[in-house]
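First comes the structure, then the notes that go with it.
Please treat every number below as a calculation from the coordinates, not as lab data. On a predicted model such as this, the values are computed, not experimentally measured, just so you know. A quick note on method: Cβ atoms are made from the backbone with ideal geometry, for glycine too, and the neighbour counts reach across all protein chains shown.
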Amino acid sequence: MMYMVLAGALFGIGLSGLFSARHPLRKVLSLNVLSASVFLLLVAVARQSEPLDAVPHAIVLTGIVVTVSTTAVALALLVRLPIRGRQDAAGRPKERP
Amino acid sequence: MGAVTIWPAAVFDGLLALALLWLAWQATHGAGLFRSVVSFIVFGLLMALAWVRLEAPDIALAEAAIGAGVTGALLLSALGRLEYSDDRGASAPREWWLWVPAGLAVLGLLAVVAWQLPTPGLGEHVDSALARSGVDNPVTAVLLNFRAFDTLLEVGVLLLAAIVLWSFGAVARPLVPAVPSPALPALGRLLFPVFVLLSVYLLWRGSHAPGGAFQAGAVLGAGGILMLLSGRARGCPARFLGVAFYRWVWLVWWPWRPGRPLWGSVSLPILSLGQPRRSCCLS
C-alpha cells in the first residue's frame, strides 16, 4: 500500500518537473521519474495477488527497455541542440573553454 | 513476535520511500545539472532496492543494469557534451492551470484502473502453463514464450531507436577528447571479458532464476559503454566496437545455438547487439 502512495507522489514530482523545468535534460530526467512511478504502481498492484503475478513484471521489464530507448533518442537530439546565442557563424556550437 | 519481525521492514520501506522522494525531487528540481544526473543515477539504484522489496528481483536486476547503469552512462555522456545553459534549477511552475488538473486527472485515472484490475491476476494461468514453456522462471516464460510478440515489438522499438540515432549522423563533439591515464584503456580491456562472462551467466540463469535476456543484454551494453568511455575504442568507436561485439557475441552465442528454444530465440542476439550499437552511435 505504501508503495502505491509512493508511486503517486513520484508521479506528482515527475509531472511537475516535466512542466516546470527549464533545461531539456531536466525534462528527460522528469520523464524517467514519471515512468518509474508508473512501473512502481503496476508492480505494487501485482504484488497484492497470490500467487505472484509474473505478467506485470514482464510488462515493466519491457517498459524499462522502451524508456531507455526513448531516453537515448531524446539525449541524442539534445546533444545536437545548440543553445541560442552560443554558436558561431556556421551555426555550430562553440567549444567550451 | 510478529511486530518484532515486521518492524525493521516497515522502517526500511519508510526510509527507502523518503530517500526516493528526495532524490526524485533533486533530480527534477535540484540545483545544477550534474547534481541532478547523479541524483537520478542514485534514484535508479534505490529503485532496484524497492523492486527487491516488492518481490520483483528480475526488475531489480534490469533496473540496476539498464535504469541506473546504461541510462546513467547515457546521461553523463550527454551532459559532458552539452552546452551549459543558464540552468538554475526549475523556474516557477509555468502553465500550472494546465498541468495540475491534467496530472490529477491522469493520476485519478491510474488509481481507478489499478483499483478495478481483476484481483487474482494471471499468476495461476502462468503457473499452470509453466511446464510447457521449457523454463522454470515465470518472468522469462512470460517474456519469451507467452508474450513473445510483446518482446518482439519491443525489439522493434529498440531497432527504431537505433535507426533514428544512425540517421542523425555524427555528432560535432566527440565523447572522449583525450585520455589522460593509460590505465583506463587497459582496465577496459581487462574488464570487458568479465562483462561478457557475466552476461552469459545472467542469460543462462534466466531459465530458472531471476535474470535473463534483458539483463544479459544490458550488462553487455554496459561493458561496451565502459570500453567507449575508457577510450579503448577511440577514433572510430562504432566500427571497432561493432566488430568486437559481433565477435564476442558470436563466440558466446555459438555453443548454445542448436536446439533449445530459449537460446535460439531471435530477440536475444538482437537485444544484445542492439544496445551496444545504439550506445556507440550516440557518441
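Assorted remarks:
- Note on A:Arg47, B:Arg189: ascending count of other Cβ atoms within 10 Å places them as B:Arg189, A:Arg47, the fewest first.
- The separation of the range B:189-209 from the range B:8-38, counted between C-alpha centres, amounts to 30 Å.
- Counting, for every residue in B:58-68, the Cβ atoms of other protein chains within 10 Å of its Cβ and taking the mean gives 4.
- Relative exposure of A:Val65, A:Val38, judged by other C-beta atoms within 10 Å (fewest first): A:Val38, A:Val65
- Amide H within-cut-off set for B:Gly206, under 5 Å, with H built and near neighbours excluded: B:Gly212
- Partner shielding of B:128-134 amounts to 0, given as the average count of beta-carbon atoms from other chains within 10 Å of each residue beta-carbon.
- Counts of other chain beta carbons within 10 angstrom of each beta carbon in peptide A:30-37 average 6.
- The spacing between the range B:65-82 and the range A:15-69, judged by their C-alpha centroids, is 17 Å.
- Rg/Rg_globular for the range A:2-78, with Rg_globular taken as 2.2 N^0.38 Å and Rg from C-alpha atoms: 1.21
- Residue-wise HN-Hα coupling along the range A:34-42, computed from phi with Karplus coefficients 6.51, -1.76, 1.60 (Hz; x: Gly, Pro): 4, 5, 4, 5, 5, 4, 4, 4, 4
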